[in-house]
Amino acid sequence: MTPNTQEPPTGFISSQTIFQDGGKHEALTRLVGGWSHDLNNMLAIIEGHSSILQFSEALSEDSMRSVEDIKHAADRAIALIRKVLIYSRRQRLSISRFRLTDLLMVLLPELRDQYGPEFELRLQSLNHQCEIEADRNSISDCISELVANAKDSMEKGGVIVLEIVRDPSPLEQIRLTVTDQGSGISTEVLPQIFDPYYTTKSKGRHKGLGLSICAGIAEMHSGWIELQTKAGKGTTAHLVLPAMAIAKPVKENTSAPKSPSATSTRVRYSETILVVDDDYNLLSLVTNVLSGLGYQIIPATSLTEARIKWKEHKSSIAIALVDIVLPEGRVGLDFAEEILGESPNLPVILMSGFFGSKEETQRSDQLGCAFIGKPFDFKQLANLIRTKLTARDGI
């Protein structure tokens, strides 16, 4: 996309500047790549065991409340890591095509319930031909953050105006704007507004990640954030994204079969799964959960061990679950390519706390591998395994 070349108004900043001056951002990216793998493994273990304990009938009420508190804290940590991964462009996106107006109409009632009657969220100029290809959850998070910033700028309440417009050719951009009647942003503060953990809010009111996360989400979608502001007069935030060509409506096939659920019945399965992960505790947890569903598990903790186990058991292995990061390095994709070279129809699910590069994502897609991010919900993992096995069998 081509950035806006018009002369910016007073009190203007674009998130494009933080990615053009990439030194500080690249340093954070390297840091995130270093610790997120191990931390996500730890959180996956905490999340997994607390989820299992929630279904235990042997715990007292006090113990159950403690388990719920542990799981809640883990969920908050997972959400925070996800935000940092987004900012550092290490979060894999789930891309789909949808109308931005449809997303906003779903999100708006939730936001109104959160903010109460003193804040009016007003829709204006909604263009229903604004289709985008994006990660729906990430764009929803971005809009929520922009509205939260608008709300925080108005201590006594007020009107927040949301608008969606499609810019004309040749740029073909979609702009979602959020305008408040708040205090605005001073020219001294404006250059730092996209910095992680920078905040003008009082202690405890805001985590300081909001606008930096919005910038990261927009950049991952080849877009950016613009802010127009004047101290004491309010702020208008623009989320700018590439527009898709206007598509003809497609009649929905209501008779299409639903994805099979691994947990909708008490059926026990019997297929053999090769599970490769360098964290022994997480590997043990995954083995216990999947064994409880009836699967036969062949565990491996390294690329070397995985190759040995594959050679010994490849005739019986029905699906492989492979961590991208192993003791030998980021070699999970290499192993996936090796076994798919021998068994092209084998379902392979890659797992990781982050994806290292766009090239890595493209390579995974070309191999036809599925992906699940760590830390994952075990019901989600079980359903994904069942879906891939069912597709392989042509059921």
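For K388, the test of being buried (at least 18 other Cβ atoms within 10 Å of the Cβ) and modelled with pLDDT of 90 or more is passed.
Against the criterion of being at pLDDT 70 or above, within 24 Å of Q173 (Cβ to Cβ) and not assigned by TED's automatic domain parsing to the domain that holds E359, S14 qualifies.
In the set (1) in contact with a Ser or Thr (Cβ under 9 Å, 6 or more places away or on another chain); (2) of a type in the set (A, V, I, L, M); (3) at pLDDT below 80, A27 fails one condition alone, (1).
Do we have any residue at all in the range 334-342 that's at pLDDT 90 or above and under 21 Å from N383 (Cβ atoms)?
Yes, the conditions are met somewhere in the range 334-342.
Of all residues in the range 131-149, how many are more than 10 Å from the chain's Cα centre (by Cα) and either under 17 Å from L111 (Cβ atoms) or free of Cβ contacts under 8 Å to residues at least 12 places away in the same chain (or both)?
Of the residues in the range 131-149, 9 are more than 10 Å from the chain's Cα centre (by Cα) and either under 17 Å from L111 (Cβ atoms) or free of Cβ contacts under 8 Å to residues at least 12 places away in the same chain (or both).
Annotation note: Cβ proximity below 7 Å between a residue of the range 101-124 that is assigned to a loop (DSSP other than H, G, I, E, B) and a residue that is of a type outside the set (F, W, Y) (sequence gap 6+ or interchain) occurs for E118/G157.
Examine the range 123-135 for a residue that is among the charged types (D, E, K, R), within 20 Å of K233 (Cβ to Cβ) and modelled with pLDDT under 90, and state whether such a residue exists.
no
Let me confirm something: among K156, K151, which residue is surrounded by 13 or more Cβ atoms within 10 Å (Cβ to Cβ) and either outside any strand (DSSP E or B) or modelled with pLDDT of 90 or more (or both)? K151 is the lone residue from the list that is surrounded by 13 or more Cβ atoms within 10 Å (Cβ to Cβ) and either outside any strand (DSSP E or B) or modelled with pLDDT of 90 or more (or both).
Filtering the range 303-327 to residues that are outside any strand (DSSP E or B) and within 27 Å of the chain's Cα centre (by Cα) leaves I324, V325, P327.
Considered as a group, the residues in the range 360-392 that are among the charged types (D, E, K, R) and free of Cβ contacts under 8 Å to residues at least 60 places away in the same chain include one that is nearest to P347 (Cα to Cα), and that residue is D365. The condition (being among the aliphatic types (A, V, I, L, M), under 18 Å from the mean Cα position of the chain (by Cα), part of a helix (DSSP H, G or I) and farther than 19 Å from M42 by Cα) is satisfied by just one residue among L333, L384, L340: L384. I'd like to know if the range 134-148 contains one or more residues that are in contact with a strand residue (DSSP E or B) (Cβ under 7 Å, 6 or more places away or on another chain) and surrounded by fewer than 19 Cβ atoms within 10 Å (Cβ to Cβ). Checked the range 134-148: at least one residue is in contact with a strand residue (DSSP E or B) (Cβ under 7 Å, 6 or more places away or on another chain) and surrounded by fewer than 19 Cβ atoms within 10 Å (Cβ to Cβ).
The residue that is surrounded by the fewest Cβ atoms within 10 Å (Cβ to Cβ), counting only those in the range 39-53 that are closer than 14 Å to A73 by Cβ and polar (S, T, N, Q), is S51.
The values are calculated or read from the model by the stated rules, or taken from the named source; none is laboratory data. Since the model is a prediction, treat every value here as computed from it, not as a measurement. Quick reminder, even Gly has a Cβ in these numbers, built from the backbone with ideal geometry, and neighbours come from all protein chains shown.
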